[in-house]
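Student: Sharing a structure, written as structure tokens. Questions coming.
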Amino acid sequence: MSTDLPEFYFRVRDNGAAVFRVDTENRQRRIEMDQIAVVNLNKGEFKAHGDHVLTEAERGAIEGWIAKRRALLAMRDMDDIHRAVDTLNTTAQWAQSKASDAQLEEVTDALLMAMHDLRTVLVRKKADRLTKG
């Protein structure tokens with residue numbers, strides 16, 4: 001483990017994070033974390049925690065974290081979609097080669113409805129893109 005600790009720690013939570021300043025410069029040489037802010041990723045906003053007044057350096061660190069976090073979440077979303085495509089392919093292979101009649105009976109209606117919904121959305125979005133372009 002590295003002995004160099006970051007100046008800030010971001011505790012990720014639903015739709016954002018709690019931001020802490022990391023402090024090791026104390027008499028006990030313990031790691032102390034003081035909460036300085038709360039981040040709301042949905043709104044792209046952050047606010048100081050309690051009576052703390054955010055410095056420009058703290059604001060810059062938080063804004064940088066927000067940008068990196070949004071990029072990471074966008075990358076994960078795309079990875080999830082690519083995995084869904086793989087899952088659809090393996091599901092088709094399973095239905096064709098391995099599934100029993102009882103298994104197919106259990107999932108067919110749900111799969112057909114989900115695929116119909118997805119197809120409808122994709123066709124509409126594709127038509128919108130073509131008419132704009």
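The values are calculated or read from the model by the stated rules, or taken from the named source; none is laboratory data. All of these numbers come straight from a predicted model, not from anything done at the bench. A quick note on method: Cβ atoms are made from the backbone with ideal geometry, for glycine too, and the neighbour counts reach across all protein chains shown.
Student: Which of the numbered conditions does ASN42 fail, given that it passes all the others? Conditions: (1) touching a helix residue (DSSP H, G or I) at 6+ places or on another chain (Cβ under 7 Å); (2) surrounded by fewer than 11 Cβ atoms within 10 Å (Cβ to Cβ).
Tutor: Looking at each condition in turn, ASN42 falls short on (1).
Student: Here's something else I'd like to know. Looking only at the stretch 3-30, which residues are among the acidic types (Asp, Glu) and either in contact with a Leu (Cβ under 8 Å, 6 or more places away or on another chain) or not in a loop (DSSP other than H, G, I, E, B) (or both)?
Tutor: ASP23
Student: Further question: Out of all the residues in the stretch 74-84, is one or more part of a helix (DSSP H, G or I), over 30 Å from GLY44 (Cα atoms) and out of contact with any His (no Cβ under 9 Å at 6 or more places or on another chain)?
Tutor: The answer is no, given that none of the residues of the stretch 74-84 is part of a helix (DSSP H, G or I), over 30 Å from GLY44 (Cα atoms) and out of contact with any His (no Cβ under 9 Å at 6 or more places or on another chain).
Student: Next question, about the same structure. Which pairs turn up if I take residues in the stretch 29-49 that are not assigned by TED's automatic domain parsing to the domain that holds PRO6 and look for partners that are β-branched (Val, Ile, Thr) with beta carbon separation below 9 Å, at least 6 apart in sequence or on another chain?
Tutor: none
Student: Considering only the stretch 105-129, how many residues are small (Gly, Ala, Ser) and surrounded by fewer than 10 Cβ atoms within 10 Å (Cβ to Cβ)?
Tutor: Counting residues in the stretch 105-129 that are small (Gly, Ala, Ser) and surrounded by fewer than 10 Cβ atoms within 10 Å (Cβ to Cβ) gives 1.
Student: Determine, yes or no, whether ALA102 is in a helix (DSSP H, G or I) and surrounded by 10 or more Cβ atoms within 10 Å (Cβ to Cβ).
Tutor: Judged against the criteria, ALA102 is not a match.
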